[in-house]
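Step one of this worksheet: look at the structure below.
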Amino acid sequence: MNNENTFKFDDLQALLRFSHGRLTDTCFLLLHVADVRKAKKWLDTAPISNATESDSLPDRALQIAFTVEGLRVMCVAESVIDGFSDEFIMGMSGEESRSRRLGDIGMNAPEKWDWGGESKKIPHLMLMYYAKENAVKDFRTSIETEDFVKAFHVIHELPTLHIGEIEPFGFKDGISQPVIDWECRQSTNAHEREGYSNLVAVGEVVLGYPNEYGLYTARPLIDEREDSVAACLPHAEDKTGLKDLGRNGSYLVVRQLGQDVPGFWQFLYKMSASNFDKCELLAASMVGRRRDGKPLVLKSVAAIPGISTQNCDNHFTYDFDTEGYQCPIGAHVRRANPRTGDLPPRVTGIINRVMKKLGFDQKQEEDLVASTRFHRILRRGRSYGPKLAPAEAIKADAEVAERGLQFMCLSANILRQFEFVQSAWSMSSKFSGLQNESDPLLGNREVLMNGERTDQFNRPSAKGVTEKIYNLPKFVTVKGGAYFFMPGLSAVKYIASLPIKEDT
Ligand code: HEM
């Protein structure tokens, strides 16, 4: 951390601090480098937006991120690449076991993807344009000069369309986000942290800073004596004499998720005996929030660090709903963030706490969900496809179109954060003691290797009866995806300045 405890934002890309929510016109380009020399020249002066705050809100923002293939093409040495995490190096679609864990099998399998699956469809880099309504076209024209066109080849353009503050199924989105503890207000010491907190250490999202374990996540560190270009990089805080290519950068996970909006609403309408109010309640129990974003749990907790008590749409945990009577345990938002602390709910009193910490506690089932502070992600996704209101979507002749989410999230550790949430919580049929079900929105509904089904949804009620929905169809299909490194601005300079290899 900086000496005076004030975070320096000028080397960070703006997306790490701002969601660019006001900039509703977006364009995400997946690019291949066509001419390395020209690509480096363009990159050297590219107006990438940083995270400093100015008096007036910006009208435009440009962000950039590279896949491992892109870093290689831009001449980053293999010894440096080795310092990145294995999952980034292998890529989202690079290993069968990873695909299985992420649920990318069957119709979700990488070989069916529009991009990011087959090696020639893996981008080198992604350029993200954000502008005010109808202004992205002009923004692009100003960036995509003649030299740019010679330097890069567009392999795919990810569709986006602003349909309001909702995702395509019609639910308010972008409500719950972790708050980054830029000022280091909170201790990462497990002994001082028991309940759920929404404040997360900078190092959970930005590389080169202490994470929730109080440690530095592995990233490429370079000895300046062996690589003079590295002089432009910040020093590694934890290793004297080394330069830090990761510092102020982050990993960006991108997944194009197609959403079958008519399929979702028509199935739920049928399951609700064509009663629209019941259908809405069923949909809300699958998401874990009502369409207007209101949480399903009724009683809030006393105080949650990082969330003001005024924010009643986010000021809650599931501590008073352990059975899932108000919000089903398998609901999308409860799986994606179970809002657990280091100790299970209701473990109070010094003796109980000590017993718990020593592992002598009897209530084993309460331990099944890990503490969320190690598994938070910063979501930055955007929707695509035309808006279709639920009242229209339930009709048999509802307009069918390509709709979905360009799911994007930032984290310092892809494995412990995005992949854990996706596989251990969302896709797992064993999440928190459940059986035969996975995330009601995201599940691929494939039968597991042990023959267990995953296409059920359970809605327990305080009356003791659990409503069971069987044969849940697949509502979300993966259309593409990749892992990117979103460098700090000094790291962008480093990548631009590296000498071109002879054989390039
Ligand atoms: C098409 C796919 C998806 C849809 C329609 C969807 C929809 C939603 C909605 C409506 C919310 C509640 C609004 C909010 O809290 O911001 C939400 C929250 C969330 N989603 Fe998703 N989501 C999708 C994919 C994913 C994926 C792939 C992940 C991660 C693996 C994910 C992780 C989360 C998280 C972490 C939250 C916040 C939960 C909380 O903190 O309470 N979502 N999602």
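Tabulated data for the structure shown
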| read-out | value |
| --- | --- |
| Computed accessible area, Thr141, all protein chains, 1.4 angstrom probe, square angstrom | 100 Å² |
| List Ser228, Ser300, Ser428, Ser250, ordered by accessible area with a 1.4 Å probe, largest first | Ser228, Ser300, Ser428, Ser250 |
| 0 to 90° range, to nearest 10: angle between helix 36-45 axis and the chain longest Cα axis | 80 degrees |
| Those lysines that a straight Cα-Cα span of less than 17 Å connects to Lys172, excepting residues fewer than 8 apart in one chain | Lys294, Lys387 |
| Solvent-accessible area of Leu489 with every protein chain in place, 1.4 Å probe, in Å² to the nearest 10 | 30 Å² |
| Cross-link reach list, lysines versus Lys41, counting only Cα pairs under 19 Å and skipping chain neighbours closer than eight places | Lys150, Lys493, Lys501 |
| The stretch 255-480: C-alpha pair distances exceeding 21 Å, % | 60 percent |
| Largest-first ellipsoid semi-axes for the stretch 1-116, taking √(5λ) over the Cα gyration tensor eigenvalues, angstrom | 30, 20, 18 |
| Antiparallel DSSP beta bridges within the chain, percent to nearest 5 | 95 percent |
| Size of electric dipole in the chain: Cβ of Lys, Arg +1 and of Asp, Glu -1, about Cα centre, debye, nearest 20 | 1020 debye |
| Along the chain, longest interval not containing exposed chymotrypsin sites (Phe, Trp or Tyr not before Pro), exposed being DSSP loop plus at most 12 other Cβ atoms within 10 Å | 1-359 |
| Anisotropy class of the stretch 132-189 from Cα gyration tensor, a/c 1.5 cut | oblate |
| C-alpha long axis of helix 261-271 to longest principal axis of the chain, angle in ° | 10 degrees |
| Intensity falloff of the chain expressed as log10 I(q)/I(0), Debye formula with alpha-carbon point scatterers, at q = 0.05, 0.11 Å⁻¹ | -0.20, -0.98 |
| Heavy-atom SASA rank of Ser119, Ser54 (probe 1.4 Å, accessible area, largest first) | Ser119, Ser54 |
| Solution diffusion estimate, µm²/s, Stokes-Einstein, the stretch 71-110, Kirkwood Rh from C-alpha pairs, 25 °C, viscosity 0.890 mPa s | 215 µm²/s |
| The stretch 29-111, dipole about Cα centre (Lys/Arg Cβ +1, Asp/Glu Cβ -1), debye to the nearest 20 | 300 debye |
| Positive-end extreme of charge dipole, the stretch 255-480 - chosen from Cys279, Val369, Asn450 (charges on Cβ) | Val369 |
| CD proxy at 222 nm, helix term only [per DSSP H run n ≥ 4: -39500 (n - 2.57); per residue of the chain; nearest 500] | -5000 deg cm²/dmol |
| Sequence of Val149, Val36 when ordered by accessible area, the most exposed leading, probe 1.4 angstrom | Val149, Val36 |
| Listed pairs Lys132/Lys479; Lys270/Lys474; Lys278/Lys430; Lys270/Lys395 exceeding 21 Å between Cα atoms | Lys132/Lys479; Lys278/Lys430 |
| Rounded to the nearest 20 debye, dipole of the stretch 255-480 from Cβ charges on Lys, Arg, Asp, Glu | 480 debye |
| Between helix 276-287 and the chain: long-axis angle, C-alpha atoms, 0 to 90°, nearest 10 | 50 degrees |
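The values are calculated or read from the model by the stated rules, or taken from the named source; none is laboratory data. Bear in mind the structure is a predicted one, so any value in this text is a computation, not a measurement. All Cβ positions, even for glycine, are placed from backbone atoms using ideal geometry, and neighbour counts span all protein chains on display. Areas reflect the complete protein model, heavy atoms only, side chains present, ligands, DNA and RNA absent. Shrake-Rupley method; radii C 1.70, N 1.55, O 1.52, S 1.80 Å.
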